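The values are calculated or read from the model by the stated rules, or taken from the named source; none is laboratory data. For clarity, every value in this text was computed on a predicted model and none was experimentally measured. Note: ideal-geometry Cβ built from the backbone for every residue, glycine included; neighbour counts use all protein chains shown.
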Amino acid sequence: MLGLFKKKQKEEVVSAPLTGKVIPLSEVPDPVFAQKMMGDGLAIIPTEGVLVSPVDGKIIQVFPTKHAVGILSNFGAEILMHIGLETVGMNGEGFEAFVKEGDTVKVGQKLMTFDLDLINEKATSTVTPVIITNGEQIEIVSKDENQEVQAGNQIVMTLEKK
């Protein structure tokens, strides 16, 4: 009889949206992210130019310049992934989106590709903040920083509702 009654989800895990090295937000060379002005989270220094969904949910924003994507997870977390720093000025050059606003996505689904060499050449950094933007409702209960991760395969954060 187990499984007939669905328990209310108490927490959500966030998988790595990129392959690379996870670093604390405080190490991001941009005060908006480092001082958590947009919310708490972590950052990843990508080694591959593919962004995948870290959760099951719905795309709530794809920036016109394709440098950032927002997802509302089925759990209720709003997650912003900002590819690189000062990449808005690239006006979408080197970025390709595979989703649009309103799309439903699954963990590991490809959202975006980007040219790491071009970002290194034209922007400040490839460091990609992964931010929980609705921290008044969602709390990060654990973060796995300072590790190498594979996109879609490894848990980088665990979230709970406040």
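When residue 111 is tested against (1) in contact with a Ser or Thr (Cβ under 6 Å, 6 or more places away or on another chain); (2) assigned to a loop (DSSP other than H, G, I, E, B), only condition (2) is not met. Taken over the stretch 135-155, the residue count meeting the criterion of being closer than 22 Å to residue 109 by Cβ, crowded, with 16+ Cβ neighbours inside 10 Å and modelled with pLDDT of 95 or more is 3.
Scanning the stretch 63-86 for residues that are under 16 Å from residue 137 (Cβ atoms), part of a loop (DSSP other than H, G, I, E, B) and in contact with a Gly (Cβ under 6 Å, 6 or more places away or on another chain) yields a single hit, 74.
Please enumerate the residues belonging to the stretch 114-123 that are touching a Ser or Thr at 6+ places or on another chain (Cβ under 8 Å) and either under 12 Å from residue 44 (Cα atoms) or assigned to a loop (DSSP other than H, G, I, E, B) (or both). 123, the sole residue that qualifies.
One residue is enough: does the stretch 66-79 have a residue meeting the conditions of a type in the set (D, E, K, R), touching a strand residue (DSSP E or B) at 6+ places or on another chain (Cβ under 7 Å) and either without any contact (Cβ under 8 Å) to a residue 60 or more places away in the chain or closer than 17 Å to residue 151 by Cβ (or both)? Checking the stretch 66-79: at least one residue is of a type in the set (D, E, K, R), touching a strand residue (DSSP E or B) at 6+ places or on another chain (Cβ under 7 Å) and either without any contact (Cβ under 8 Å) to a residue 60 or more places away in the chain or closer than 17 Å to residue 151 by Cβ (or both). Scanning the stretch 60-78 for residues that are under 23 Å from residue 9 (Cα atoms) and surrounded by 20 or more Cβ atoms within 10 Å (Cβ to Cβ) turns up 71, 73, 77. List the number of the failed condition for residue 89; all other conditions in (1) more than 26 Å from residue 162 (Cα to Cα); (2) assigned to a loop (DSSP other than H, G, I, E, B); (3) of a type outside the set (A, V, I, L, M) hold. Of everything listed in (1) more than 26 Å from residue 162 (Cα to Cα); (2) assigned to a loop (DSSP other than H, G, I, E, B); (3) of a type outside the set (A, V, I, L, M), residue 89 misses just condition (2).
The residues in the stretch 12-53 that are in contact (Cβ under 8 Å) with a residue 12 or more places away in the chain and exposed (fewer than 13 other Cβ atoms within 10 Å of the Cβ) can be counted, and the count is 1. Mind checking which residues of the stretch 124-134 are at pLDDT 95 or above and either more than 15 Å from the chain's Cα centre (by Cα) or not in a strand (DSSP E or B) (or both)? 125, 126, 127, 133, 134 - these are the residues of the stretch 124-134 that are at pLDDT 95 or above and either more than 15 Å from the chain's Cα centre (by Cα) or not in a strand (DSSP E or B) (or both).
Flag: residue 105 does not match the condition of being under 20 Å from residue 155 (Cα atoms), in contact with a strand residue (DSSP E or B) (Cβ under 7 Å, 6 or more places away or on another chain) and touching a residue at least 60 places away in the same chain (Cβ under 8 Å).
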